[in-house]
Every structure is written in structure tokens, then in C-alpha cells.
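The structure appears right after this line, and notes come after that.
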Amino acid sequence: MLTNFFLPQTKVLIGGVFALVLTLGLSRFAYTPLLPLMQEETYLGTASGGWLATIHYLGYLLGVLTTLKTQSLKSREFFYFSGLFLSVVSTFIMSLAENFLLWSIARFIAGFCGAAGIIIGAGLVMQWITENTDEKPQMGKYFVGVGIGIVITALCSILFKSLNFTWSQQWFAYGLIATFCFLPAWTLRPKFKAPEKTFRVKQKGYKGDRPNRNKSPVRSDGIYKLLAMYFFAGFAFVISATFTVAIVKLNPEINMFGNLVWLLVGLSSIPSVVIWDFIEAKYGMLKTLSFAMFLHSISLLLNIFDSNLSILLLAAFLFGISNLGIVSLTMTLAGRTAPHNPGQEMARLTVAFAIALVIGPSIAGTLAEVFGTYFISLLFSAVLLIFGIILLWLRELNFSKN
């Protein structure tokens, strides 16, 4: 066991985990528990707080689109380094002053850098594993970093509150943690010894997904179904991420448990991605991804019972174990179809996910305002996930016919 820790692939995965803790766990999710405090201690209101979240997702969308142009190994490594470094910088910027323009710039940069971790980083790690080992590429261990980041922000929010840290002091503290994460994230990055043009990747087939048949297999007749499925998953994710904690905090009888709910989401997501890899290896990609999406839909429906803490905790648990599973499984599916440059196929799918992140909150907010309840938004998101499952199976049927 100890010997495995020193294996090159283990070091690469550890570096990737730190990269995700930095670019998503801290750079993105620190904002979730800090938002109420910023609204309390600064002039930031509900609307402006929502705009900062939207600006972050716009930065993420631009970052995803940029990854489509970063095809050479050198450009991907530069993007990766820039994303890691600027994630640290943007976190410190949030602590500098009470200025909406400054915060907007920082959130946009942080969103842009998220693409470096979830797409470029994941692609580099998957490419390195494919070219240097005989292991079947599974990205669950890599995406553990997102869950760890959520747990860190949840625990830090509790600690900082006990220390009476101001919003500015908390952002500065997160900046110090981000700096610590940067060092292993970069030093343990995937390193390619041979020139990129000499890489030779064996085409491998895996149960439950489709290996390369053409130059760009994901862009076959099934790409639109896969894009729509991941768009629906992105919409459901942002609704869950927004309302899972908000529903608890809006209820005066249980609002003190808001941080506990967020902590539960993070704790349940950490082992989930590894568990999903194990399930996928046994039952195949199609059944496993469908089941993960089904569990997420159940989580959304459980949030309708907003007065029962036990049910809301169960909803948070199901959200935690399913959401990263959906992301890691979809990224694995995309990456296996293009082992020579997994990040490209991951980016194409993530564009759809990112668009959903941008428009999801506004649609959900409009529905909540019109109907006076979160019920419609939650139900709508759950139905979209079911449609996504149907699209997955239709895609598989199309492949079977061919």
C-alpha cells in the first residue's frame, strides 16, 4: 500500500487533486459560505451577490471555450499553470477592498481558471495515465479534489466564524490556503518525456462506452444527445448547488444547520467518485451514469419537503454522492473516446454544462418568482435529468444499430 503511494501515477493524481481543490474547491466554493457574511458586512445585496455568481460562470464558460483552442501540449501546460496561479491571485483580490468592480474581475478570473482544473488538468492526467500505464482511465480519484475543496470551505467557514473573522480576513485566509495548494498542484503535474508528435496511444475499448472509430468519435450522430444530456445535468447541478443550502437557511426553524448541509454535500462527494468508478467497472458506463443521474433527480424532489431537516439532509447526501459522479463519469466517457487529447472532447461537452450554469439560476429564479415557490424549479430540473437518462439510452441504441 505504501509502495503504491510512491508510484508516478499516484503522484500525478495527488497533484491533480490539489489542482481541483485550488481551482474549484477554493476559488469557486469559498464564495458559497462567504456570501451571507459579505451581504451582512458590506453593501453587497441579494441581486448583486447573484450577479457575482453569474459573472463567475461567464468566466468559466469563456475558459471552457478557450480550452477548445489549446490543442498543443505546450499551450495546455501554459493554460494549466496560468489557471493555477491566477486562482491564487483572484482569491487574494477578493480580500482587498469593498468594491463590486474589483470583485467582479476576481470572480470572472476565478471562473476562467476553473476550466484549467476541470478540463485541462483532467485531460493532462488522463493522457498521462493512458500513455504511461496499462490502467483503464477512470477519473473518479481526480475529481475527489472538488469534494475535498467543499469540505475545506465548510470547515473553514465554521472555524472562521468562531474566530470572528471579517469577510476580508476570511478571503485572505483562503488565499493562503490556495497558495499552499498551488505548490503540489504544479510540482506534481503530469510531465511528458517524449515530444508530443511521437506519442503513440493504443486505442482501447471499454465496457459501456465507445472507443475511437473515426477521427473525432464523440462528434458522431450521438454528440447532440450527449451534449443535451450534459446540459440538463449542468442545469440540475446549479439548481441543487443554489437551493440545497438556501432552502435550509430560509427556514427560521432549521437555518442554523445550513453549514452542516454544505459540509454533508462535501463529505459525501469525496468517496462517491471512487465508488462510481468501481460501479462503472462492474456494470458499464451507461447503467452507472444513468443511475447517478436518477439519484440526483431524487435529491431534487426531496428538497420539496423544506420543513423536514432529516429529508433535507438526505437530499444533500444524495446530491453529494451523485453530482461529482455525473461529472467524473461524463468526463471519463469523453476522454476515452479521444485518448490523444482528452481535454478537447471534455471541453466540447463542458461548454453545454457551462451554458446551463449561466442560464440556470435566472430561469429558476423566474419560475420561483412567478409561482412563489421553489417547487417548480426543483421539479423541472428533476424532469430534465430523466430526459437526460433517456437520451443516454437512445444514444446507445444508435451505436448498437451501427
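Here, each number is a calculation from the coordinates, and none is a lab measurement. Note that this is a predicted model, so its numbers are computed, not measured. Neighbour counts are summed over all protein chains in view; Cβ atoms, including those assigned to glycine, are modelled from backbone coordinates with ideal geometry.
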Expressed as a rounded percentage, what relative contact order does the stretch 1-110 have, with Cα pairs under 8 Å and six or more residues apart?
35 percent
Row for the chain, column shape: gyration tensor on C-alpha, a ≥ b ≥ c, rounded if a/c < 1.5 i.e. under 1.5, prolate if a/b over b/c, else oblate; value oblate
Please identify the longest segment of the chain free of exposed chymotrypsin sites (Phe, Trp or Tyr not before Pro), where exposed means a DSSP state other than H, G, I, E or B and no more than 13 other Cβ atoms within 10 Å.
44-402
With residue 11 itself left out, Lys, Arg at +1 and Asp, Glu at -1 over residues whose Cβ is under 11 Å from its Cβ give +2
At the level of C-alpha centres, the distance separating the stretch 257-314 and the stretch 7-59, in angstrom, is 20 Å
Could you grab the relative contact order for the stretch 8-187? Cα pairs under 8 Å, six or more apart, rounded to a whole percent.
45 percent
Max mean-square fluctuation residue, GNM over the chain, Cα-Cα springs under 10 Å, options 91, 32, 23:
32
Neighbour-count order for 156, 181, fewest beta carbons within 10 angstrom listed first
156, 181
Once exposed loop GluC sites (Glu not before Pro) are cut out (DSSP; at most 15 other Cβ, 10 Å), longest piece of the chain:
254-402
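Rounded, prolate or oblate: which one fits the stretch 1-137, using the alpha carbon gyration tensor with axes a ≥ b ≥ c (rounded when a/c is under 1.5, else prolate when a/b beats b/c, else oblate)?
prolate
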The chain, relative contact order in percent, only Cα pairs under 8 angstrom and at least six apart counted:
24 percent
Relative to the longest principal axis of the C-alpha atoms of the chain, give the angle of the C-alpha long axis of helix 167-187, reported between 0 and 90° and rounded to the nearest 10°.
10 degrees
Could you give the angle, 0 to 90 degrees to the nearest 10, between helix 375-401's Cα long axis and the longest principal axis of the Cα atoms of the chain?
0 degrees
